Structures are given as C-alpha cells and as structure tokens.
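Novice: One structure follows; several queries about it will come next.
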Amino acid sequence: MSRPAVPGFFRHLWLLWGLRFDIGLNQGPGRSRLLAVAAFAASSAPGLFLGLTFFALMRLRPIAESDVWPYFILNLLCFVTFSVWVTWPLLSAGVDDHSELSRYAAFPISPFRLLIASTVASLFEPRALVFYAPLTGAALGFASVYVLYMPWLAVVLYVLFALLCAAWSRVALYAVINVLREKHSAEIMGGGLALFLLGASFIPPIDTSWLTAVGEAGVDALDMSLIINAAVALGRVPPGLFGDALAQLAWHRPRVAMLEAAALLFFAGVGMAVAYALLMRFHRQAGRAGGSRKDSGDSNPFATTRTRYTTLVTREALDLWRNPRARLLASVPFILAILLKLLSGRDLFVFILGGSADAWLMGGLCIYGAVVIASTFSQNTFAYDGQGFAAFLAAPLDLADVLRAKNQVQGAAALGMAALVALFYRVYFGFGTGLDMLCAMAAVGAVVPMLLAAGNFLSLYFPVKFHASLKRRDKVPLTASMLGILAASAGCMPFGWALKLAGKEGPTWHTAAMILLAAALNVALYRGVLPLALRLLERRREVVLQAVTRE
C-alpha cells in the first residue's frame with residue numbers, strides 16, 4: 001500500500017484557513033455557517049468605509065495637484081499601518097495565535113511551513129481587512145491620479161508590504177508570549193514599563209506650535225518644509241518603502257522601485273526568521289517539565305476567610321492576579337499614555353476638543369483599561385482559570401455564588417485599573433481636574449455593569465477552552481467578540497453623549513450627573529438580568545463543562 005502524498009503548501013493554507021474559521025467562531029456540529037459568514041462580513045465592514053474615504057481623499061484637487069501631500073499621506077499611512085500591526089498583540093493581549101505549532105505537531109507539516117501558512121492566513125482575518133483598508137484606498141486613489149509605470153510591480157509591492165507587516169507582527173506576538181511564559185513575567189513587564197517611561201522622559205516632545213498657526217491662518221500658513229522632511233523621513237524606514245516605491249513608479253523610475261521591493265522582501269524575511277526563532281524558543285520552554293517548586297513561606301490566604309463566599313472571592317482574585325494575560329493587559333493603558341505624551345497627542349486633542357480634552361483623554365484611557373480587563377475575563381468567565389469550573393462542579397457549593405464572586409472580582413479589578421490610570425494621567429501629564437476624574441470614573445461605572453451582564457451570557461452560550469499555562473488557547477468566537485463590542489459601545493455611549501453636550505467648554509457638574517445616572521441605570525440593569533443568568537447556568541452547566549474541559 002503506497003504512502004499518501006504530503007499535502008502541498010496551498011492545501012495546507014486552505015486547511016489552516018478553514019480550521020481557523022471554525023475555531024474562531026466556535027464552529028461545531030449544528031452551528032450555522034451562514035451566521036459565521038455574516039459575523040465575518042459585519043466585522044470587516046468598517047474597512048470598506050475607511051478604504052473609500054482615503055480613496056476620495058487622494059483624489060481631492062488640492063491633494064492630487066500637490067507635489068508633497070500625496071507622498072506624505074502614503075508614507076504616513078504605511079508607517080501607521082505597520083505600527084498598528086506590530087503593536088496589536090500588546091494592545092489586544094492577543095496571545096492566542098501561537099498555539100498552532102503545538103496543536104498541529106502530529107500533522108504532516110514542518111514547523112516553518114506552518115509558521116508561513118499561519119502568517120499568510122492572518123492577512124485575511126477581519127482585523128487585517130480593516131487595518132489595511134486606509135492604505136489600500138489611498139494607494140488606489142494615488143494610482144488613479146498618477147500613471148504608474150509597470151503597474152503590476154505596484155501589486156507586488158503591496159503584497160510584500162503586507163508580508164512585512166504580518167512577519168513583524170509575529171515577532172511582537174512571540175516576544176510577548178515568551179515574556180508571559182517566564183516565571184517572573186510580572187517583574188519583567190514592570191521593569192520594561194519603568195525603562196520605557198524613563199527612556200521617554202529623555203526624548204524631547206514634538207513641536208506642536210504649528211497647530212496654532214493652522215488654527216489662525218488655515219493650512220496655507222503651514223511650513224511645507226516640515227511636511228517635506230516628514231515625508232522623506234517616513235519613506236526611508238522599511239514600512240515607508242512601499243509608499244516611496246509607488247512614487248518612484250509615478251516618476252517612471254522602475255529600477256529604484258525594484259530595489260525597494262527587494263528591500264521589503266529582505267526585511268520581511270528577517271522578520272520571519274526572528275519570529276521562527278522566538279516561536280521555537282517558546283515551545284522548547286513550554287515542553288520542559290521545569291524544576292520542582294519548594295513550598296513558599298507565604299501565609300495561606302484562605303486561612304482568614306470566614307465564609308465560603310469570601311473564600312471564592314479570594315480564590316478568584318488570586319487567579320486573576322496570577323494570570324499572565326491580566327499582567328499584560330494592565331500595562332497597556334500606561335504605555336498608551338506614555339506614547340500619547342511622547343507624541344504630544346494631548347496638544348492635538350486640546351486643539352480639537354478645547355476644555356474637554358482632558359476629560360476625553362482621561363476617560364478614554366480609563367475606559368480602555370477597564371474594558372480590556374473586564375471583557376477579556378468576563379466573556380470567558382468559566383474557563384480562564386483552566387480546569388477551575390470542573391472543580392466547582394465537584395465541590396459542595398452553589399454555582400450562583402461562583403458567578404457572583406467572579407463578577408465581583410472582575411468588576412473590582414476593572415474599577416481599580418481605571419482609578420490607577422486616572423491617577424497616573426493626573427501625575428504624568430499634570431492636567432485634569434477633580435471633575436474630569438469624576439466623569440472618567442463614572443464612565444467606567446457605566447461600562448463595567450454592561451460588560452459583566454453581557455459576559456455572563458456570552459460565557460454560557462459561547463464557552464471556549466482557555467489554557468492558563470499558555471501552552472494553547474482557543475479563540476473566543478467572533479460572534480461573541482462582536483456582541484461584546486456592542487455591549488462595550490452601549491456602556492460608553494452615556495460618556496460620549498454627555499461630553500458632546502458639554503462641548504469645548506469642558507464638563508460641568510451636570511455632565512457628571514448625567515454619567516452617574518447612566519451608571520446607576522446600568523447597575524440596575526445588571527442586577528435585573530443576573531437572576532436569569534444564574535438560572536441558565538444551572539441549566540447549561542454540563543454544556544459549559546464539556547466546552548471548557550475538552551481536548
């Protein structure tokens with residue numbers, strides 16, 4: 001009997017796409033594939049709007065007839081697209097995609113080919129279609145205005161740029177999971193954050209005085225040498241090679257464009273090599289049994305708990321505190337705040353929003369910190385602690401107390417995270433009033449109940465396995481992610497409406513009262529739907545157990 005042929009690369013790619021699609025949407029027997037496709041299309045829909053917007057922007061007469069603005073916009077979008085792709089694993093704590101090497105270890109595919117296929121497959125996910133949409137629209141708009149020499153080379157350049165972004169995104173992803181795998185990951189991330197803060201303090205802030213000139217005399221008052229120098233500088237870094245190569249094709253310089261295409265291919269190859277080395281290091285570390293742990297001299301945290309419920313709360317708090325992903329999420333708002341000051345982003349918001357800028361910024365950072373903590377764990381509340389749910393079912397306790405304890409800890413963690421971010425903003429930026437802080441915390445108080453209420457139902461209807469050891473994770477279904485985003489958006493609406501009514505004059509006590517009233521209503525809504533979630537928990541306990549303990 002002859003040995004079956006090993007599937008080719010494109011067959012592997014097709015199988016990987018299908019498997020990613022099934023895992024990403026929790027696809028299984030009886031699940032609607034039409035719903036999966038609809039969720040994919042809905043999550044990618046913003047990309048169409050962004051692409052058309054930038055396509056129209058590049059065709060505007062003042063930009064199309066300019067000798068500077070088209071190239072500046074292209075190079076800037078190249079840099080922004082690359083930066084978003086590379087930092088996305090940190091911003092979203094997306095440490096799930098590394099699992100494919102261990103998941104498919106028994107399959108007839110080499111680890112390097114699997115890495116290549118996984119990287120290419122990541123380019124066709126909903127987030128990729130949204131991230132690339134502005135640059136795609138701008139590039140098409142540029143090509144419709146200027147006659148490109150050898151237009152097929154422009155397509156090759158676009159593909160190489162996409163591979164460059166995907167490759168270095170994998171580098172960032174695997175660097176993050178290597179840090180999270182370390183025993184002292186909290187100390188490493190804390191030290192890295194401190195070094196980042198120290199290094200940022202030595203970098204001079206960006207000059208934003210031109211904003212005042214633009215506001216008083218219009219765009220014509222802007223010193224174009226600043227834009228020219230920025231366009232040239234952005235075109236000299238690897239991501240900007242795509243925009244510069246398009247310009248070279250418009251100037252009928254195909255040899256220079258080919259050299260830049262070769263440079264894009266080289267830097268993408270370097271990224272893939274580094275990503276492969278980091279991934280193999282992670283799996284070598286994950287495969288080791290590790291040394292035996294000695295009993296620590298720490299006191300037993302459960303020795304002082306007087307009731308069963310306080311014991312559950314203490315256990316949930318410890319699980320959340322020791323969770324590597326929670327440590328990563330906790331650092332993100334502070335990194336964003338440091339980058340915001342480093343890029344003089346607050347001055348831009350003051351120019352646009354006036355006296356409401358600090359309320360918007362502080363509230364936005366606080367809400368982001370609370371959302372990433374609350375939504376990440378509340379939407380998979382029965383599985384983020386590994387086999388914990390199985391232990392709860394075997395223990396002589398009421399599952400209603402388990403869910404209440406989880407909600408209490410997740411809500412307290414989100415509120416505590418928001419309070420730390422607000423204090424950091426006030427100290428680090430030196431701006432923001434007590435009223436701004438009150439509005440920010442009230443906004444968090446309105447968002448968290450919505451996230452907890454939605455998370456309870458999403459955890460019951462979309463349970464997925466979550467491996468606390470980071471050896472492998474199953475993705476949260478896309479449908480569940482979209483519903484979670486809708487819940488977060490609904491919780492943020494009162495804050496946005498209140499500050500929009502306040503205008504550029506800044507928030508007032510009436511603004512804070514509106515947000516506090518919305519927070520109280522959302523808390524009442526959460527308490528109203530909690531009994532239904534508890535009844536569903538008893539009814540679906542076996543379904544949830546099978547989902548979160550499957551192998």
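Novice: Kindly provide the set of residues from region 356-379 that are modelled with pLDDT of 85 or more and either outside any helix (DSSP H, G or I) or open to solvent by less than 10 Å² (accessible area, probe 1.4 Å) (or both), ordered by number. It would help to see each step written out before you state the result.
Specialist: Filtering region 356-379 down to residues modelled with pLDDT of 85 or more leaves 356-371.
Across region 356-379, the qualifying residues are 356, 357, 359, 362, 363, 366, 369, 370.
Novice: Restricting to region 127-136, and then to whatever is of a type in the set (A, V, I, L, M), farther than 13 Å from residue 246 by Cα and in contact (Cβ under 8 Å) with a residue 60 or more places away in the chain, can you tell me which residue is surrounded by the fewest Cβ atoms within 10 Å (Cβ to Cβ)? Walk me through it before giving the result.
Specialist: Initial filter on region 127-136 (of a type in the set (A, V, I, L, M)): 128-130, 133, 135.
Remaining after also requiring farther than 13 Å from residue 246 by Cα: 128-130, 133.
Pick out the ones that are also in contact (Cβ under 8 Å) with a residue 60 or more places away in the chain and you get 129-130, 133.
Numbers: 129: 21, 130: 19, 133: 22.
The extreme case among them is 130.
Novice: Shifting gears a bit: Do you know which residues across region 137-187 are open to solvent by 40 Å² or more (accessible area, probe 1.4 Å) and closer than 25 Å to residue 46 by Cβ?
Specialist: Within region 137-187, 140, 143, 144, 145, 155, 158, 159, 163, 168 qualify.
Novice: From (1) open to solvent by 50 Å² or more (accessible area, probe 1.4 Å); (2) under 15 Å from residue 441 (Cα atoms); (3) in contact (Cβ under 8 Å) with a residue 60 or more places away in the chain, pick out the condition that doesn't hold for residue 423.
Specialist: (3)
Novice: Next up: Does region 233-243 hold any residues that are farther than 17 Å from residue 136 by Cβ and surrounded by 15 or more Cβ atoms within 10 Å (Cβ to Cβ), and which are they? Can you show your working first?
Specialist: From region 233-243, those farther than 17 Å from residue 136 by Cβ are 233-238; that's our starting set.
Those that are farther than 17 Å from residue 136 by Cβ and surrounded by 15 or more Cβ atoms within 10 Å (Cβ to Cβ): 234, 235, 238.
Novice: Sort out which residues of region 210-254 are among the aromatic types (Phe, Trp, Tyr) and either modelled with pLDDT under 85 or part of a loop (DSSP other than H, G, I, E, B) (or both), and write them in order of number. Even if it seems obvious, please write down each step before you answer.
Specialist: Of region 210-254, the ones among the aromatic types (Phe, Trp, Tyr) are 210, 242, 251.
Passing the criteria: 210, 251.
Novice: Run down 84, 80, 120, 145 and say which single residue is modelled with pLDDT of 85 or more and more than 17 Å from the chain's Cα centre (by Cα). Quick ask: steps written out before the conclusion?
Specialist: Numbers: 84 fails: more than 17 Å from the chain's Cα centre (by Cα); 80 fails: more than 17 Å from the chain's Cα centre (by Cα); 120 fails: modelled with pLDDT of 85 or more.
So the residue among 84, 80, 120, 145 that is modelled with pLDDT of 85 or more and more than 17 Å from the chain's Cα centre (by Cα) is 145.
Novice: Further question: Of the residues 412, 418, which single one is closer than 30 Å to residue 361 by Cα, open to solvent by 10 Å² or more (accessible area, probe 1.4 Å) and modelled with pLDDT of 90 or more?
Specialist: Numbers: 418 fails: open to solvent by 10 Å² or more (accessible area, probe 1.4 Å).
After applying the criteria, what remains is 412.
Novice: In addition: Take the residues in region 492-511 that are open to solvent by less than 100 Å² (accessible area, probe 1.4 Å) and more than 15 Å from residue 366 (Cβ to Cβ); name whichever of them is farthest from the chain's Cα centre (by Cα). Outline the logic, then answer.
Specialist: Filtering region 492-511 down to residues open to solvent by less than 100 Å² (accessible area, probe 1.4 Å) leaves 492-496, 498-499, 502-503, 506-508, 511.
Retained after the next criterion (residues that are more than 15 Å from residue 366 (Cβ to Cβ)): 493, 502-503, 506, 508, 511.
Values: 493: 20, 502: 30, 503: 29, 506: 30, 508: 32, 511: 30 Å.
Looking at residues that are open to solvent by less than 100 Å² (accessible area, probe 1.4 Å) and more than 15 Å from residue 366 (Cβ to Cβ), I get 508.
Novice: Out of all the residues in region 64-73, is one or more modelled with pLDDT of 85 or more, open to solvent by 50 Å² or more (accessible area, probe 1.4 Å) and touching a Ser or Thr at 6+ places or on another chain (Cβ under 9 Å)?
Specialist: no
Novice: Turning to a different aspect of this structure: Cβ contacts < 6 Å: first residue closer than 19 Å to residue 397 by Cα, restricted to region 526-541; second residue surrounded by 18 or more Cβ atoms within 10 Å (Cβ to Cβ) and of a type in the set (S, T, N, Q), any location; separation 6+ or different chain. Result?
Specialist: 533/456
Novice: On to the next question. All but one of (1) crowded, with 18+ Cβ neighbours inside 10 Å; (2) modelled with pLDDT of 85 or more; (3) more than 30 Å from residue 486 (Cα to Cα) hold for residue 12, so report the exception by its number.
Specialist: The one condition residue 12 does not meet is (2).
Novice: While we're here: Does residue 458 qualify as being at pLDDT below 90 and in a helix (DSSP H, G or I)?
Specialist: Judged against the criteria, residue 458 is a match.
Novice: Could you give every pair whose Cβ atoms fall below 6 Å, whose first residue belongs to region 115-126 and is within 19 Å of residue 274 (Cα to Cα), and whose second residue is open to solvent by 30 Å² or more (accessible area, probe 1.4 Å), counting only separations of at least 6 or pairs across chains?
Specialist: 115/276; 121/17
Novice: Which number in (1) of a type outside the set (Asp, Glu); (2) at pLDDT 75 or above; (3) in a loop (DSSP other than H, G, I, E, B); (4) open to solvent by less than 10 Å² (accessible area, probe 1.4 Å) marks the one condition that residue 95 misses?
Specialist: (2)
The values are calculated or read from the model by the stated rules, or taken from the named source; none is laboratory data. None of the values given here were measured: they were computed from a predicted structure. Cβ sites come from the backbone with ideal geometry, for glycine too, and all protein chains shown count toward neighbours. In case anyone asks, the SASA skips ligands and DNA or RNA and just uses the protein heavy atoms, side chains included. Shrake-Rupley method; radii C 1.70, N 1.55, O 1.52, S 1.80 Å.
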